Amino acid sequence: MTQNPHDLARRLADRAEPVCRHYLSSGRREGGYWLVGDVRNTPGRSMYVRLKDTPKGPAGKWTDAATGEHGDLLDVIRESCGLIDFKDVTDEARTFLSMPPPEPKFRQQSRQSPAPHGSPEAALRLVRMSQPIYGTLVQAYLRERGITDLRGAGSLHFHPHCYYRPDEHSPTETWPAMIAAVADLDGKITGAHRTWLDPRRRDKAPIDTPRRAMGDLLGNAVRFGIGGEVMAAGEGIETVLSLRQVLPDMPMLAALSAAHLAAILFPDTLRRLYIVRDNDPAGDGARDSLIERANATGIEAIVISPELGDFNEDLRTLGLDALRMEARLQIAPQDVARFMALAA
């Protein structure tokens with residue numbers, strides 16, 4: 001199987017509209033074009049993607065009239081998913097196209113040695129074996145929790161038969177799972193988080209530990225959007241995604257636990273950090289540690305607190321409008337205008 005990026009781009013162009021519906025879900029089709037705000041899937045109309053070959057140009061090519069940027073659908077995948085390494089871009093493209101992994105250059109290397117259990121290598125392989133979440137049980141599970149806006153959620157994947165073993169003395173089971181890629185500040189995948197799901201109830205699977213992480217987690221996180229001067233950080237994936245329902249363009253991360261939240265690494269560009277607190281003693285401890293670390297490096301730290309146990313509980317119990325008002329009252333006015341204008 002060829003690894004030629006031009007071949008991948010052509011294959012994506014042959015499916016230009018499905019690619020746009022998946023990676024540029026904030027846009028819409030008009031005539032022979034897909035219109036969206038920009039290549040990072042911002043709502044709007046300034047960027048247009050050609051859906052069919054025409055005398056004006058081939059399918060899959062896009063131009064942003066506001067910035068002059070242009071490119072192909074591999075660029076769309078890179079920017080909308082927040083990917084850094086080109087190999088990750090081509091892997092994502094192959095997953096979307098349901099293509100098998102490329103064959104190794106040398107036959108004697110064709111059999112991959114097992115990665116150490118729980119290692120970053122094993123986590124990376126699990127992520128690459130998974131598929132996009134759209135139209136899967138993961139999307140249904142998140143919808144059940146009130147989470148419907150999934151822009152910038154390229155770090156989430158679906159595995160239909162993910163291994164689960166309660167302990168070393170028990171037989172291995174398989175359950176569908178939400179797979180979340182854990183990445184460092186450069187976007188390199190260092191770990192994975194698994195949430196096993198029950199397909200009948202669209203809820204977590206009825207097992208002892210339906211959530212487990214693997215790989216190198218300390219300082220790293222599940223990332224939604226590309227970090228800049230402003231960022232929000234919380235513990236759980238569903239908690240962070242709940243806040244993104246009313247602040248969809250604010251970069252956020254889920255550290256997966258209170259201890260790991262306290263230890264997240266700060267990008268050099270960060271100037272203001274919103275700490276998405278859970279209402280429990282562990283959340284209080286993570287909040288205090290993170291405020292101290294942020295202030296020591298000149299970063300403004302602002303705590304956002306839920307009314308109930310966490311923001312997903314607020315979203316499900318109090319509703320979207322109440323959650324929007326909570327966020328509006330707790331974030332800086334300039335960030336209300338910047339990140340909440342389209343959701344108000």
The condition of being within 30 Å of Leu247 (Cα to Cα), part of a loop (DSSP other than H, G, I, E, B), in contact with a helix residue (DSSP H, G or I) (Cβ under 6 Å, 6 or more places away or on another chain) and not aliphatic (A, V, I, L, M) holds, among Gly154, Gly187, Gly191, Gly135, only for Gly154
Look through region 200-217, keep the residues that are open to solvent by 40 Å² or more (accessible area, probe 1.4 Å) and in contact with a strand residue (DSSP E or B) (Cβ under 9 Å, 6 or more places away or on another chain), and return whichever of them is nearest to Ala183 (Cα to Cα).
Asp216
With criteria (1) open to solvent by less than 20 Å² (accessible area, probe 1.4 Å); (2) not in a loop (DSSP other than H, G, I, E, B), Arg223 comes up short on (1)
Just name the residue that is nearest to Leu156 (Cα to Cα) out of those in region 217-234 that are aliphatic (A, V, I, L, M) and in contact (Cβ under 8 Å) with a residue 60 or more places away in the chain.
Val222
Evaluate the following for Gly82: is it modelled with pLDDT under 85, surrounded by 14 or more Cβ atoms within 10 Å (Cβ to Cβ) and either more than 28 Å from Asp249 (Cα to Cα) or in contact with a Leu (Cβ under 7 Å, 6 or more places away or on another chain) (or both)?
no
Determine which single condition Leu241 fails, assuming it passes every other condition in (1) under 18 Å from the mean Cα position of the chain (by Cα); (2) open to solvent by 20 Å² or more (accessible area, probe 1.4 Å).
(2)
Which numbered condition in (1) touching a helix residue (DSSP H, G or I) at 6+ places or on another chain (Cβ under 7 Å); (2) surrounded by fewer than 22 Cβ atoms within 10 Å (Cβ to Cβ) is the only one that Ser170 fails?
(1)
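The values are calculated or read from the model by the stated rules, or taken from the named source; none is laboratory data. If you're wondering where the values come from, they're calculated on a predicted model, not measured in any experiment. A quick note on method: Cβ atoms are made from the backbone with ideal geometry, for glycine too, and the neighbour counts reach across all protein chains shown. These area figures cover heavy atoms from the full protein model, side chains too; ligands, DNA and RNA do not enter into them. Shrake-Rupley method; radii C 1.70, N 1.55, O 1.52, S 1.80 Å.
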